[in-house]
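Below: one structure, written as structure tokens.
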Amino acid sequence: MTIADDAAGRLPPDFPTEVTFKAVFRSSPFTRDTIRSLVLEHNVDPEISQRESREGRFVSITVTAVFPSEKVLQAVCANIAALDSFVTMF
């Protein structure tokens, strides 16, 4: 792949690589534990931090982990996005 092949002008990372992403959820019990379990199912050991919104209606979860392949990263993100309390990911 060349830079011209990527619309944003960036090359995709070489895997395995460390990736950090954030997902926002409506507050619900065990969100952090659920995320950890989803990531661990793919044999990836995540570092996870959590921050509640000012009024406590939402929670932001930051995940950092070394992903062995793009396929595993996409699968983890898809599983997280499928959770009922999911709002957005970036």
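What follows is calculated from the coordinates using simple rules that are stated; it is not laboratory data. Note that the coordinates shown come from a computational prediction; the quantities given were computed from them, not determined experimentally. Glycine also receives a Cβ, built like all others from the backbone with ideal geometry; neighbour counts cover every protein chain displayed.
Scanning the range 58-73 for residues that are farther than 24 Å from residue 29 by Cβ, touching a strand residue (DSSP E or B) at 6+ places or on another chain (Cβ under 8 Å) and either surrounded by 17 or more Cβ atoms within 10 Å (Cβ to Cβ) or free of Cβ contacts under 8 Å to residues at least 40 places away in the same chain (or both) yields 67, 73.
The single condition among (1) charged (D, E, K, R); (2) over 11 Å from the mean Cα position of the chain (by Cα); (3) outside any loop (DSSP other than H, G, I, E, B) that residue 22 does not satisfy is (2). Restricting attention to the range 29-57, report how many residues are loosely packed, with under 15 Cβ neighbours inside 10 Å, polar (S, T, N, Q) and more than 15 Å from residue 88 (Cα to Cα). Number satisfying all stated conditions: 3. Just one of (1) in contact with a helix residue (DSSP H, G or I) (Cβ under 9 Å, 6 or more places away or on another chain); (2) closer than 12 Å to residue 27 by Cβ; (3) not in a strand (DSSP E or B) fails for residue 44. It is (2). The set of residues in the range 47-90 being part of a loop (DSSP other than H, G, I, E, B) and of a type outside the set (A, V, I, L, M) consists of 53, 54, 55, 56, 57, 68, 69, 84, 85, 90.
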